[in-house]
Amino acid sequence: MTEFKKLVFSGVQPTGNLHLGNYLGAIKKFVALQENNDCIYCVVDLHSLTAQLVHDDLPGQIRSIAAAFIASGIDPKKHIVFNQSAVPQHAELAWIFNCVARIGWMQRMTQFKDKAGKDRENASLGLLAYPSLMAADILVYRGTHVPVGDDQKQHLELARDIAQKFNIDYMEHIRQTGYGIDTVVGEEPIHAFFPLVEALIDGPAPRVMSLKDGTKKMSKSDPSDLSRINLMDDEEAISKKIRKAKTDPDGLPSEIAGLAGRAEADNLVGIYSALAEKTKAEVLTEFGGQQFSVFKPALVDLAVSKLAPITGEMRRLMDDTSHIDAILRDGGERARARAEVTMKQVRDIIGFVY
């Protein structure tokens, strides 16, 4: 019995400004994961076309995501940082997975239903097939683990279904080529080529909500810039947004139970907790009984102290993008080399002549 070598893969779409929710929910985790794992981090620019076909400044958005990775502490020499479109094997494997996946699987995806809305006949085929490309992003490197938020768990389950169907349908071909490993799925022994990807959930993920409405996620697409703290915001903008953040008239409770039904208070305490790397209970022990007029300035100071170094480095990198471009170029070359190993074996398993 053999195991697939552990490999962490994740990506961020270059659509709009990165905000505090992206940092706390994803990028901060990427930095922590690189300490003990082989990691590949991708700017998923092909995926961005499903959200908006024509972008005014796609190169700038790609570079800003890469800049955020680097400024936050991801090491592009020890690991791989690249943009998806630089590795054509992603699209090649996605086509094969389009043929493996079933239409019914795609139509059940909650994100497709949400984003396509009622007028699904007008949704792009790319939006429907998005999860096949996501599966290919991971499996073209035979990735084993992906840090995911709640909104991507269903897509990860689909990636497992696609990998499982490929492994079963091509099991004899996989065995004949000698590329697979003997493993067990449930109680069934199989000879597998692709791993069944696992979600990486390291403690409770901070769910960062809008500063204007604590019941909605902080979003790049919210028309109000006051709803989010962008990673490129300066100290004045961060201070203004936190001071204007929606709250309620009551002070902060001393226990977590006191946050029930108080979405905005819970959100601000959660942001403080995540930035300070403390539990909500510890934050409430410190600030319980205080008014927001005391808590908000403390949150401003904390947010500025944590984000200012990242913002400053991002601005420096974006002022001269040659360094970012060199990192993406190097990462793309290394990613292509890895992806081509997988694709050569996939072509052999399927039976393509090349």
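The values are calculated or read from the model by the stated rules, or taken from the named source; none is laboratory data. Note that this is a predicted model, so its numbers are computed, not measured. Every residue, glycine as well, gets a Cβ built from its backbone with ideal geometry; the counts of neighbours run over all protein chains shown. We work out accessible area using only protein heavy atoms, side chains counted, and drop any ligands, DNA or RNA first. Shrake-Rupley method; radii C 1.70, N 1.55, O 1.52, S 1.80 Å.
Table for the structure above
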quantity	calculated
Qualifying residue in the stretch 179-198 (condition: on the phi > 0 side of the Ramachandran plot and modelled with pLDDT under 90)	yes
Only one of Ile201, Ile168 that is out of contact with any helix residue (DSSP H, G or I) (no Cβ under 8 Å at 6 or more places or on another chain), closer than 30 Å to Ala68 by Cα and open to solvent by 40 Å² or more (accessible area, probe 1.4 Å)	Ile201
Residue count for the stretch 327-354, restricted to those that are in a helix (DSSP H, G or I), open to solvent by 40 Å² or more (accessible area, probe 1.4 Å) and aliphatic (A, V, I, L, M)	2
Unmet criterion (only one of (1) within 30 Å of Cys99 (Cα to Cα); (2) in a helix (DSSP H, G or I); (3) within 25 Å of the chain's Cα centre (by Cα)) for Ile238	(1)
Residue that is nearest to Lys212 (Cα to Cα) [pool: residues in the stretch 249-262 that are open to solvent by less than 40 Å² (accessible area, probe 1.4 Å) and assigned to a loop (DSSP other than H, G, I, E, B)]	Arg262
Test: Lys115 is farther than 27 Å from Asp38 by Cβ, among the basic types (Lys, Arg), assigned to a helix (DSSP H, G or I) and out of contact with any Asp or Glu (no Cβ under 7 Å at 6 or more places or on another chain)	yes
Leu93, sole failed condition from (1) open to solvent by 30 Å² or more (accessible area, probe 1.4 Å); (2) part of a helix (DSSP H, G or I)	(1)
Members of the stretch 117-141 that are open to solvent by 10 Å² or more (accessible area, probe 1.4 Å) and among the hydroxyl-bearing types (Ser, Thr, Tyr)	Ser124, Tyr130, Tyr141
Lys220 of a type in the set (Lys, Arg) and not in a helix (DSSP H, G or I)	yes
Options Ile74, Ile65, Ile70; residue that is surrounded by 23 or more Cβ atoms within 10 Å (Cβ to Cβ) and either in contact with a Ser or Thr (Cβ under 7 Å, 6 or more places away or on another chain) or among the β-branched types (Val, Ile, Thr) (or both)	Ile65
Residue that is at pLDDT below 95 and touching a Leu at 6+ places or on another chain (Cβ under 7 Å), where the choices are Ala123, Ala116	Ala116
Subset of the stretch 266-280 (residues that are touching a Pro at 6+ places or on another chain (Cβ under 8 Å) and either over 11 Å from Pro206 (Cα atoms) or among the small types (Gly, Ala, Ser) (or both))	Gly270, Ser273, Ala274
Test for Ala303: is it buried (at least 20 other Cβ atoms within 10 Å of the Cβ) and within 25 Å of Arg228 (Cα to Cα)	yes
Test: residue in the stretch 118-132 that is outside any loop (DSSP other than H, G, I, E, B), of a type in the set (Gly, Ala, Ser), farther than 20 Å from Glu3 by Cβ and without any contact (Cβ under 8 Å) to a residue 40 or more places away in the chain	yes
Criterion (modelled with pLDDT under 95 and assigned to a helix (DSSP H, G or I)) met by exactly one of Ala298, Ala274, Ala265	Ala274
Those residues of the stretch 291-300 which are of a type outside the set (A, V, I, L, M) and either surrounded by 14 or more Cβ atoms within 10 Å (Cβ to Cβ) or in contact (Cβ under 8 Å) with a residue 60 or more places away in the chain (or both), in sequence order	Phe292, Phe295, Lys296
Filter result for the condition that a residue is open to solvent by 70 Å² or more (accessible area, probe 1.4 Å) and part of a strand (DSSP E or B), over Asp161, Asp182, Asp151	Asp182
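Residue by residue, here is whether (1) within 20 Å of Pro147 (Cα to Cα); (2) surrounded by fewer than 20 Cβ atoms within 10 Å (Cβ to Cβ); (3) more than 18 Å from the chain's Cα centre (by Cα) holds:
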position: Phe9; (1), (2), (3): yes, no, no
position: Pro14; (1), (2), (3): yes, no, no
position: Leu20; (1), (2), (3): yes, no, no
position: Leu24; (1), (2), (3): yes, no, no
position: Cys39; (1), (2), (3): yes, no, no
position: Val43; (1), (2), (3): yes, no, no
position: Ile80; (1), (2), (3): yes, no, no
position: Arg102; (1), (2), (3): no, yes, yes
position: Lys115; (1), (2), (3): no, yes, no
